[in-house]
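Notes for the one structure printed next.
Derivation of every value follows stated rules applied to the coordinates shown; laboratory data play no part. This structure is a prediction, so every number in the text was calculated from the model and none was measured. Glycine also receives a Cβ, built like all others from the backbone with ideal geometry; neighbour counts cover every protein chain displayed.
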Amino acid sequence: MKHFLSIHDVQDLGNLISSGIIAKRNPFADQLLGKNKTIGLLFFNSSLRTRLSTQKAAQNLGLNVLMMNVGQDSWGLELEEGEPGNPIVMNGDKAEHVKEAAAVIGRYCDIIAIRSFAELQDRDKDYAEQVFQQFKKYAGVPIVNLESATRHPLQSLADCITMEEFRTKPRPKVVLTWLPHFKPLPQAVANSFCEWMNHMDVELVVTHPEGYNLAPEFVGNAQVIYDQKKALEGADFVYGKNWSSYEHYGQVLALNESWIMDEAKMALTDNGKFMHCLPVRRNMKVADEVLDGPRSLVIDQAANRVWSAQAVLKEILIGQQEE
Ligand code: SN0
C-alpha cells in the first residue's frame, strides 16, 4: 500500500481486516517495523478517537509521532494553484502555500496523516478533496486519510473489524440509518461506511428522510428505504449517523426528531447491535437506553480504531521496505 485515502487503495480487504484482528491479539509483534521512522499527524479539525488511536497504533509499530493542529497552530495554508498568466497572489489571510508546507513536512516525516473535514459550503470544492490531492502531489511520502471531506476510511475499517467480531450470520443485514441533528454534519462517515459495506458480504439498506440521498457512487448496490421502521426490520447491525443534505448541499432540511434511535426501534431488528462512530449527541440522535444497553457496540468500535490504524500503517511501512 502506498497511500490510504479510500478503499480504492486497499488490495485485499479480507487480509486488512485479519491484520487488524491479529494486531489486537499481539499489538507489539511489529514494533521494529517503524523504528527510526516518523509519522506526522495533521489536524485541521477536532478529534478524540482518531488522534489518540492513530498515535497509539503508530507507537505500537515503533514509529515516532509528530502532531500539529494545522487549523490553529500553524500558518493558514493557501491551497489554490492559480493558472499560467493568472498566478495566485497571496495577499489574504493565508501566509503559506501548501506547495512549501507539504514539501517541508514531507522532509520531516515518512508518512503524513491528515484530517480535513468538508466545509459544507461548496459541494464541488469539498468533493475535489483539495487538501489531500495537494499533499499527495507535494509531500513525496504516503498520505493517510484521518477523515476527509468525503470519506473516513479508518473508521470504516474499524467498523468492518467490529462486525467481523460480532456477526452471528454469514451474511448479516446492515442498516445505515440517518439520525437527527440540528447542526450540518459532513457525509464522510456515511459515504465511507456505504463504500466499504459494498465490498463486504452483507445485505446493505440505507434509510433517511427524503432529501438526504448520499452521492450514488457511495450508495452503490444498497437498497434505499425512506421508511425507517420498515428498513430496520430484521437488521443484525444498525449503524446510526447524521449527515447534512448532499442534494441541497450542507443543509439541515428539517429536524426530523422522530428519527432518533430508541429501544422501541431496536426491537424491530433481529436482536440487532447498534453502532455509531462517535461523538454522539445523547437523546438528540440516540436515546440513553440504546447507548447504555447491551446492544451498543460503540465502545468496541472506538477501541478497534487502534487496530484499524495499525493494520493500515503496517501495510504502508511494508510497502516502503519493498521500494
Ligand atoms: C464529525 C462528522 O463527520 O460527522 C466527525 C465524526 C467522526 N462529527 C461531528 O462533527 C460532530 C459534531 C457535533 O457537534 O455533534
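Counted over all Cα-Cα pairs of region 72-227, pairs farther apart than 28 Å make up 35 percent.
Separation of region 265-323 and region 29-88, taken as the distance between their Cα centroids, equals 22 angstrom. Residues considered: Leu176, Leu146, Leu79. Largest GNM mean-square fluctuation over the chain, using C-alpha springs under 10 Å, is found at Leu79. Pairs of Cα atoms in region 155-301 fall into 10 Å distance bins, from 0 up to the last occupied one, in shares of 12, 48, 36, 4 percent.
Stokes-Einstein, applied to the Kirkwood radius of region 2-87 over Cα pairs at a viscosity of 1.567 mPa s and 4 °C, places its translational diffusion at 82 µm² s⁻¹.
Of the residues Leu253, Leu157, the one with the fewest other Cβ atoms within 10 Å heads the list, and the complete ranking is Leu253, Leu157. Local charge for His208 was computed over the other residues whose Cβ lies under 12 Å away, with Lys and Arg +1 and Asp and Glu -1, and equals -2.
For the chain, the spread of Cα coordinates along the three principal axes comes to 56, 48, 32 Å, biggest extent given first. Evaluating 6.51 cos²θ - 1.76 cosθ + 1.60 at θ = phi - 60° for every residue in region 192-207, the Karplus couplings come out as 5, 4, 4, 4, 6, 5, 5, 9, 9, 7, 9, 8, 9, 10, 10, 10 Hz, glycine and proline recorded as x. Each listed q (0.17 Å⁻¹) maps to a log10 I(q)/I(0) for region 217-267 from the Debye sum over equal C-alpha point scatterers, namely -0.68. Among Asp124, Asp12, Asp270, the ranking by other beta carbons within 10 Å of each residue's beta carbon, starting with the fewest, stands as Asp124, Asp12, Asp270. Applied to region 91-98, the Karplus parametrisation 6.51 cos²θ - 1.76 cosθ + 1.60 on θ = phi - 60° returns per-residue 3J(HN,Hα) values of 10, x, 8, 9, 8, 9, 8, 4 Hz, with x for Gly and Pro.
For Val224, the amide hydrogen comes within under 5 Å of the amide hydrogens of Val206, counting only partners 5 or more places away or on other chains and with H modelled in the peptide plane. Each residue of region 133-148 was assigned a 3J(HN,Hα) from its phi angle through the Karplus curve 6.51 cos²θ - 1.76 cosθ + 1.60 (θ = phi - 60°); the sequence is 5, 6, 5, 4, 6, 10, 7, x, 9, x, 10, 10, 8, 9, 3, 9 Hz, with glycine and proline shown as x. Here is how the number arises for the chain: DSSP H runs of 4 or more residues each give -39500 (n - 2.57), the sum is divided by the residue count, and the result at 222 nm is -10500 deg cm²/dmol. Antiparallel beta bridges, as assigned by DSSP with both residues in the chain, represent about 5 percent of the total such bridges. Taking 20 Å as the straight-line reach from the Cα of Lys285, the lysines in range (excluding those fewer than 8 positions away in the same chain) are Lys183, Lys229, Lys230, Lys241, Lys265, Lys273. As a rough footprinting exposure proxy, the listed residues Met67, Met163, Met200 were ranked by other beta carbons within 10 Å of their own, and the order from fewest upward is Met67, Met200, Met163. Short-range pairs are left out: with C-alpha atoms under 8 Å and at least six residues apart, the relative contact order of the chain is 20 percent.
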